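Reviewing the structure listed below.
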Amino acid sequence: MQGEVNEECGVFGIFAPAPSNVAKYVYYGLYALQHRGQESCGIVVNDDGIFCSHKDLGLVNEVFTKDVMARLPQGKIAVGHVRYGTTGATNRNNCQPIEVNHRKGRIAIAHNGNLSNAYNLREQLEMTGAIFHTTCDTEIIAYLITKERLTAPSTEKALSEVFNKIEGAYSLVLMTPTKLIAARDPQGFRPLCYGITPSNAYIVASESCALKAVGAKYVRDIEAGEIVVFDDEGVHSNRTHCGKQKKLSRCIFEYIYFARPDSVIDGVSVHKSRERAGEMLAKAHPVEADVVIGVPDSGLDAALGYSKQSGIPYGIGFIKNKYIGRTFITPGQDDRANLVNIKLNPIADTVEGKRVVLIDDSIVRGTTSRRIVTQLRMAGAKEIHMRISAPPFLYPCYYGTDIDSRENLIAVNHSVDEICKMIGADSLGYLPFEDLSKLIDSDDFCAACFCGEYPTKVYEGKKDRFERKLSEKEDD
């Protein structure tokens with residue numbers, strides 16, 4: 001919906017002790033990660049060194065029909081990806097995992113995050129003759145790995161060398177003919193963990209909820225800077241790049257919005273962190289009201305926390321139509337503007353004649369918030385006090401969150417009081433910036449979208465050049 005913050009991507013991989021229907025595990029894992037990306041998805045299966053893949057635009061259940069799943073072979077290793085493009089156009093070329101054939105063998109790679117130096121790296125590769133078929137950062141990583149692999153003794157050694165060249169956010173699953181490799185950038189921007197199934201298959205996933213979906217027991221998170229290899233000899237860890245950063249840069253918005261509430265990231269329950277956000281909102285912005293409601297889905301946990309702290313009863317204020325995804329097609333702009341009315345419906349019995357505290361995770365442009373407030377007014381709410389479980393967005397993100405232009409952020413050009421009037425609420429309160437560390441009991445996080453302090457160098461004004469090139473080719 002217009003005005004929402006969009007997810008980035010989700011990755012999944014499996015290494016089984018013997019050939020089996022590994023595609024089935026990836027399918028269920030991607031289904032559990034669908035909230036992280038709804039533009040496209042893909043699975044690549046390793047059938048004794050032969051890679052077989054299927055990728056397309058759409059949701060997991062749309063792309064991987066019964067017939068498609070039946071055509072995927074058995075194997076020991078497979079990787080998968082769900083995508084929401086924060087860089088790269090929406091087309092089939094940008095579907096992941098990306099497969100590369102090279103002199104030392106084949107690889108398939110899936111990536112969650114954004115490289116902050118992607119523009120410079122791509123230009124350097126183009127100057128050496130590299131030809132790009134996509135506009136996503138993943139292909140840059142794939143080219144760098146294959147280049148290093150020409151002289152490196154193994155793919156994981158090549159990847160370790162690539163760590164010295166790429167900057168920004170990257171959680172990776174990578175498949176060779178004999179190995180599954182998982183890697184997380186030295187600052188730990190995006191989550192990545194692994195587990196093991198009762199049949200001793202190793203599972204790597206963006207979130208622990210995907211481990212549960214395939215019956216795997218959580219083992220641990222991949223450390224920031226770590227490269228983990230799964231092969232016939234077991235699990236091997238390369239920590240060469242671990243501990244190089246004095247302060248980690250875990251994306252705080254993973255806890256506020258991106259991740260599923262039943263996931264645990266780096267030892268912190270996402271559900272609990274959102275409850276804490278609600279509790280802190282109640283302390284920072286108290287109000288006399290009759291009921292607390294949350295905007296599904298990520299506002300619900302914070303609403304529960306606000307209710308507990310304030311003593312105001314918690315209620316179910318909206319029913320969400322779960323059958324409408326971001327692939328929902330509308331015939332015109334007027335209909336797109338009414339998507340909120342189709343996706344969310346207020347429960348009048350909960351709000352009619354009442355003073356309502358409305359909890360949501362963010363306000364981007366204000367359009368969605370205004371429509372939600374209008375819905376509650378029409379349902380009979382007497383007062384609407386909006387509370388946001390994050391600070392105001394003030395800066396673009398270069399690490400995988402779809403916040404890329406200051407001019408479109410309502411908080412850049414308007415005060416809190418002005419925003420309150422614009423969305424039609426009676427009062428408005430954001431989570432204080434200084435309370436962010438309390439969400440995860442740590443200062444090891446990135447909050448650049450709120451404060452503008454970037455943990456890596458950023459290259460502003462260059463990120464759209466390759467988008468324009470692709471668009472020009474498509475127009476031709």
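For the reader, a short list of remarks on this structure follows.
- Accessible-area composition of the chain, carbon plus sulfur, in percent [1.4 Å probe]: 48
- Cα-Cα over 32 Å, subset of Lys55/Lys272; Lys55/Lys212; Lys147/Lys272; Lys246/Lys272; Lys217/Lys438: Lys55/Lys272; Lys147/Lys272
- Computed E for Ser405/Asn91 - FRET, C-beta separation, R0 25 angstrom, nearest 0.05: 0.70
- Probe 1.4 Å, all protein chains present, accessible-area order of Arg355, Arg184, Arg71, Arg239, largest first: Arg71, Arg239, Arg355, Arg184
- Solvent exposure of the chain, expressed per residue, is 41 Å² of accessible area, with all protein chains present and a 1.4 angstrom probe.
- A crude spin-label estimate for the pair Met127 and Ser20, with each label 7 Å from Cα along the Cβ direction, gives 4.9 nm.
- Area projected by the alpha carbon convex hull of the chain, averaged over all directions, nm²: 22.3
- Each principal axis of the stretch 118-221 carries a Cα extent, and these read 48, 27, 25 Å when sorted largest first.
- Under the convention that each Lys and Arg Cβ holds +1 and each Asp and Glu Cβ holds -1, the size of the dipole of the stretch 121-210 around its Cα centre is about 240 debye.
- Arg365-Arg103 FRET efficiency (beta carbon distance; Förster radius 56 Å; 0.05 resolution): 0.70
- Residue ranking by accessible heavy-atom surface, 1.4 Å probe, largest first, among Ser310, Ser427, Ser389 comes out as Ser310, Ser427, Ser389.
- The stretch 189-268: proportion of alpha-carbon pairs further apart than 18 angstrom, %: 45
- Paramagnetic label zone (point 7 Å from Cα along Cα-to-C-beta, Asn164; backbone N under 19 Å) in the stretch 224-238: 225-228, 238
- Whether the stretch 1-154 is rounded, prolate or oblate, judged on the alpha carbon gyration tensor where a/c under 1.5 counts as rounded: oblate
- Label zone at Val412, where the point sits 7 Å out along the Cα-to-Cβ direction: the stretch 136-167 residues whose backbone N lies under 19 Å: none
- When the chain is described by a simple charge dipole with +1 on each Lys and Arg Cβ and -1 on each Asp and Glu Cβ, the residue from Pro286, Tyr218, Tyr119 located farthest towards its positive end is Tyr218.
The values are calculated or read from the model by the stated rules, or taken from the named source; none is laboratory data. The structure presented is a predicted model; accordingly, all values stated were derived computationally and were not measured. When we count neighbours, we look across all protein chains shown, and the Cβ atoms used for this are built from the backbone with ideal geometry, even at glycine. Heads up: the accessible areas ignore ligands, DNA and RNA and are worked out on the full protein's heavy atoms, side chains in. Shrake-Rupley method; radii C 1.70, N 1.55, O 1.52, S 1.80 Å.
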